[in-house]
Amino acid sequence: MNNKSVVAACLFAALNICTLSARAEAAAAPQTYTYGTHLDIHQVISLEQDNSVACGIVEARMTYLDSAGTTRVLDYSKFADGCNNDN
């Protein structure tokens, strides 16, 4: 094999790995948090929230890995970040 073939094979393998991880994240069905929900959070991947409200309750979403390495998505409500200085 020449160098171009090796580089092309490595690039193809890297793109396949990225595609598989993106599909795994997209395939995770969101779970809505309720009081008493058991959470097994090993690593947080991303945190998102609705930024349309300056202060108040907003909907948020956390994507994380559990202890088995499975991607999970959790929807929950929280105070907006704009409420930090309000009582």
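The values are calculated or read from the model by the stated rules, or taken from the named source; none is laboratory data. Bear in mind the structure is a predicted one, so any value in this text is a computation, not a measurement. For neighbour counting, all protein chains shown are included, and Cβ atoms are generated from backbone atoms with ideal geometry for every residue, glycine included.
Quick notes on this structure:
- Checking each residue of region 33-52 against the condition of being at negative phi, surrounded by 12 or more Cβ atoms within 10 Å (Cβ to Cβ) and modelled with pLDDT under 80 gives no match.
- Of all the criteria given as (1) surrounded by 10 or more Cβ atoms within 10 Å (Cβ to Cβ); (2) modelled with pLDDT under 90, the one not satisfied by A27 is (1).
- Subset of region 50-67 (residues that are closer than 18 Å to A28 by Cβ and not hydroxyl-bearing (S, T, Y)): E59, A60, R61, M62, L65, D66
- Checking Q43 against (1) within 20 Å of A28 (Cβ to Cβ); (2) touching a Cys at 6+ places or on another chain (Cβ under 9 Å), the condition it does not meet: (2)
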